[in-house]
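Novice: Here it is, the structure in full.
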């Protein structure tokens, strides 16, 4: 056990049923805290706090100017408020003595970036930058850095940068370097004032401890940190001469390994949370990656999909392989001693929510209300009565762009087959199926690259939809189980807190003792698998036609949209419009020709 993992005296001896840890899961719209018993992982109490500012996509708080398209910001003080409200609420709900809590762990969405001053103060909290969009948190789904991502990808491919294959051949606009380059080029004054470019996962730990420690997970997956190195100064200068010292001046910092203690809870943070000062605070982590131990799914072949507004797919592998379009592979990125793989879909629950908000007539809402159920439940009931293919539709799940395997956030949604007879439940089921096809595309990419996927384990709010879970089992042809925890990421963070506090020797041991058992198990139904194979072939044809250069209409539409929004009154539009051909050039670096089945390219 490392010195960083050692807890307060006697912590490892206090597994008597009265030793607890706290896990805090920071999502897209809220933060959730869970009190967990160290000896067996029992979840005893929870608290939730919704961010007052939610996701800022229109105007800044107190502002009037419209943000450009594809921006998604957050207000960092909302994250502190989670500590002030959700943690005390969880303690009250559990009814435990706070003095028996030995550690706290946190996880966050990623890549969510905070520009800060030297002491960790977010720049938007400085008076001179309160009205500057680039001074705020750039949420994971901030996709306005696609032009910068395209340039990074093109240059890296031309130079044969050795780190590029570790990310499936393409860097995402969601990630640290693309967002940082956008900041430099669109607001150099804010960039110059920024002392640290900090993952929110590390910023919240900084708030808890007073110490800034980068976590190995996001450094590897989102910060292009491979084999002990970031991209070179020469590479960065070739992107923009003023970007040369980005790593040295803004990014490089001490990296903490997963399960270690980043520090101790400060007196100030103890006051916020009601927890004892001095307890262990685990190194930060990502919501998806902490979920694998919570699900006891740490063996190769077990793919964990955390399904919420988006979906992140993570799994451990025995060795290193290059998987086209994956988000990354990192040594120890999930569990020490294993190569951790990540892929994902940028829109899942968001797509279903968008449709219910914008595409369902009032009569359906009234019928659901009369039944005392939600509109999602009502549509699911209607959709479940259909035979596979009965609705005559096929959709592409790109309403928030494509994260894997195309890594292109200029892509957009498609629905083929609608007629005057198409009903809302038809469209809803087609969207459910489209997200399952997206997951199968990812699974096939892994299988085709020598990283076999043998089972799916699902966590997140969408596991309650039994129709959706059966569709995923049938579409992928894989056995599927759901995690028996309503707050799996928070449980995973609590597991890491227990290791940081010294209660267990490592994350594997803690997961075995504290991880959740499966809740529901779904097996593929043979006739459904065959029917979905036919629909998946149609999905793949559309996927490759619109996503691999067969028709770049989506990129042209995005460029036209940006131009229109730039010319709209009251828009704070910064940065150039995307040239339609830019991303098509970048995606060619994957070596996947148009028309080739997704996942088969290598």
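The values are calculated or read from the model by the stated rules, or taken from the named source; none is laboratory data. None of these values were measured; they are calculated from a predicted model. As a convention, Cβ positions derive from the backbone with ideal geometry for all residues, glycine included, and neighbour counts pool all protein chains shown.
Novice: What number of residues within the stretch 114-148 are in contact with a helix residue (DSSP H, G or I) (Cβ under 6 Å, 6 or more places away or on another chain), part of a loop (DSSP other than H, G, I, E, B) and either closer than 19 Å to residue 223 by Cβ or modelled with pLDDT under 95 (or both)?
Specialist: Matching residues across the stretch 114-148 total 2.
Novice: Okay, next question. For the stretch 206-221, state whether one or more residues are more than 30 Å from residue 502 (Cβ to Cβ) and either in a loop (DSSP other than H, G, I, E, B) or outside the structural domain of residue 157 (by TED's automatic domain parsing) (or both). First the steps, then the outcome.
Specialist: Taking the stretch 206-221 and keeping what is more than 30 Å from residue 502 (Cβ to Cβ), we get none.
The answer is no; no qualifying residue exists.
Novice: Within the stretch 388-403, track down each residue that is without any contact (Cβ under 8 Å) to a residue 60 or more places away in the chain and more than 25 Å from the chain's Cα centre (by Cα).
Specialist: Within the stretch 388-403, 390, 391, 392, 393 qualify.
Novice: Turning to a different aspect of this structure: Scanning for something within 24 Å of residue 507 (Cα to Cα), crowded, with 24+ Cβ neighbours inside 10 Å and touching a helix residue (DSSP H, G or I) at 6+ places or on another chain (Cβ under 7 Å), does the stretch 314-325 turn up at least one residue?
Specialist: The answer is yes; a qualifying residue exists.
Novice: In the stretch 269-288, how many residues are under 21 Å from the mean Cα position of the chain (by Cα), closer than 26 Å to residue 92 by Cβ and outside any helix (DSSP H, G or I)?
Specialist: 3
Novice: In the stretch 215-239, which residues are under 15 Å from residue 106 (Cβ atoms) and without any contact (Cβ under 8 Å) to a residue 60 or more places away in the chain?
Specialist: Matches in the stretch 215-239: none.
Novice: Something else about it: In the stretch 293-302, what residues are out of contact with any helix residue (DSSP H, G or I) (no Cβ under 7 Å at 6 or more places or on another chain) and surrounded by 23 or more Cβ atoms within 10 Å (Cβ to Cβ)?
Specialist: Selection gives 297 alone.
Novice: Read through the list (1) surrounded by fewer than 20 Cβ atoms within 10 Å (Cβ to Cβ); (2) at pLDDT below 95; (3) touching a strand residue (DSSP E or B) at 6+ places or on another chain (Cβ under 9 Å), then give the number of the only condition that residue 354 fails.
Specialist: (2)
Novice: Which members of the stretch 410-443 meet the condition of being assigned to a loop (DSSP other than H, G, I, E, B), within 21 Å of residue 551 (Cα to Cα) and free of Cβ contacts under 8 Å to residues at least 60 places away in the same chain?
Specialist: Selection gives 417, 418.
Novice: Just checking, does the stretch 348-361 include any residue being in contact with a helix residue (DSSP H, G or I) (Cβ under 7 Å, 6 or more places away or on another chain), under 18 Å from residue 175 (Cβ atoms) and in the same structural domain as residue 408 (by TED's automatic domain parsing)?
Specialist: no
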